[in-house]
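Below you'll find the structure, written out as structure tokens, and then a few comments.
The values are calculated or read from the model by the stated rules, or taken from the named source; none is laboratory data. For clarity, every value in this text was computed on a predicted model and none was experimentally measured. Neighbour counts are summed over all protein chains in view; Cβ atoms, including those assigned to glycine, are modelled from backbone coordinates with ideal geometry. Accessible surface areas use protein heavy atoms only, side chains included; no ligands, DNA or RNA. Shrake-Rupley method; radii C 1.70, N 1.55, O 1.52, S 1.80 Å.
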Amino acid sequence: MKKKLVAIAVAGLLAAPLAHAQTANVTIYGRINMDVDFISSADKSSLGKLNRVSSNTSRVGFKGTESLGGGLNAIFQIESQFMGDTGNAPNALASRDTWLGLQGNWGAVKLGYMTTPYDTAHAVFGNTNTALTSILQTGALWGQHGRNDRMTGSFGARTANSVRYDSPAIAGFSGQAQYSTDETTNHGWVGSVGLFYDNAGLQAAAVYETNQEWRGNDLDDNAYTVMAGYNFGVVRPALVYEHIEYDTPASGTLKRDLFGGSVTVPLGQGKLYGAVIYADKGKGAKDGTAVGAVRAGKDTGATQYELSYSYELSKRTVAYVGYVYIDNAKNANYTFGHNGNGLGVKAGVDQQGLILGAVHFF
């Protein structure tokens, strides 16, 4: 009898954590996005100087929700990047957006490692053919986001030590606000806010981001972007404008404006996407002053041309082909927004790339 009671007690203890875990809704998700690139090298503009296979931020993640009662939920996400081209992980577990939060009818609050609202806005422009990644990503000029490093002037990069609020959608409007602190310095922090609208075919966004003393004491960087796109059914045009400013140690405030337009056209089971983005020359600081690829002076602007086509092989698998060309003025050295060649591009050297790939969502 005693043995039976002990067995029942042990079974109860083992079953308790399992029963508790089953009250949460956990999903495994991800995507693998692979392509073949034929691109120019860091100091050559000729197509095909560098050929490679790219993994394009392929990822796997876990996310879940647990009801806490009274309309309140506990939510979490753990997302990791993996390299489908080499089989190596660039970082450890949770190398991408990873957070814990609470959610209710008032919205959601999250703590963790997250991309900012400034990054979220890129989707409004319509560059979704390659899942907002690859060398076709719009961050080459826009916000220098492809550099993914605030020390070289990037806006929208994923940020650690973040507190974030996402509002519910009300009449098509929603808001996002995020604060991140750089725990390796005494004063550095990032603030990013965004107002979004999505209703009846119209998508619009206004986002602002400030990097306070991230690059050094008394060096503040600020950027804002406004954009809108409207889906007419047979075509979806979109426009974007960006203004960025960088404090420099002894040369004033370096400023730059950016303008862009895109068109997305449904073609059967696919989409044709084209875009032109123009980054003006840097102003407001001494000639030659630079933060990343933004440089003050004559002939420091660049224009990005892009054309791609994606075809839905199924609801979860998309094949695509695309071409991008960055026309650098003689004193400019912009490069690709993702999977770029770093900061080593020589001034005046144009960049171009042709890619053929596919992405599978799971």
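The calculated 222 nm mean residue ellipticity attributable to helices in the chain amounts to -2000 deg cm²/dmol, summing -39500 (n - 2.57) over DSSP H runs of n ≥ 4 and dividing by all residues. Between residue 217 and residue 38, the simple label model (points 7 Å from Cα in the Cβ direction) yields a spacing of 5.4 nm. Specify which labelled value, from [x] 63, 49, 44; [y] 75, 55, 41; [z] 90, 51, 43, agrees with Cα extents along the principal axes in Å derived from the coordinates of the model shown. The value computed from this structure is option [z].
Residues in segment 246-260 carry Karplus couplings, in order, of 10, 6, 10, x, 9, 10, x, 9, 7, 10, 8, 10, 9, 9, x Hz; the curve used is 6.51 cos²θ - 1.76 cosθ + 1.60 with θ = phi - 60°, and Gly or Pro positions show x. Across the protein chains, with a 1.4 Å probe defining accessible surface, the residues 155, 361 rank 361, 155 from largest area downward. Rounded to whole Å, the principal axis extents of the Cα atoms in segment 125-169 read 31, 30, 13, largest first.
Near residue 98: Cβ cut-off under 13 Å, other residues only, Lys/Arg at +1 and Asp/Glu at -1. The net charge is +4.
The gain in end-to-end length when the residue 25 to residue 202 segment is fully stretched comes to 60.5 nm, 0.36 nm per residue minus the alpha carbon separation. Rounded to the nearest 10 square angstrom, residue 313 shows an accessible area of 110 square angstrom against a 1.4 Å probe. Expressed as an acute angle from 0 to 90° and rounded to the nearest 10, what is the orientation of the C-alpha long axis of helix 2-21 relative to the principal long axis of the chain? Roughly 30 degrees between the two axes.
Accessible surface of residue 187, taken over heavy atoms with a 1.4 Å probe and every protein chain present, rounds to 110 Å². Per-residue SASA remark: residue 298, around 150 Å² accessible (1.4 Å probe; ligands, DNA and RNA not included).
Assuming R0 = 45 Å, can you tell me the calculated FRET efficiency for the pair residue 346 and residue 160, based on Cβ-Cβ distance, to the nearest 0.05?
It comes to 0.85.
Extension gain, residue 177 to residue 253, is 24.8 nm, computed as 0.36 nm per intervening residue step minus the present C-alpha separation. Per-residue Karplus couplings for segment 299-306, computed as 6.51 cos²θ - 1.76 cosθ + 1.60 with θ equal to phi - 60°, are listed in order as 6, 10, x, 7, 10, 10, 10, 8 Hz, Gly and Pro entered as x.
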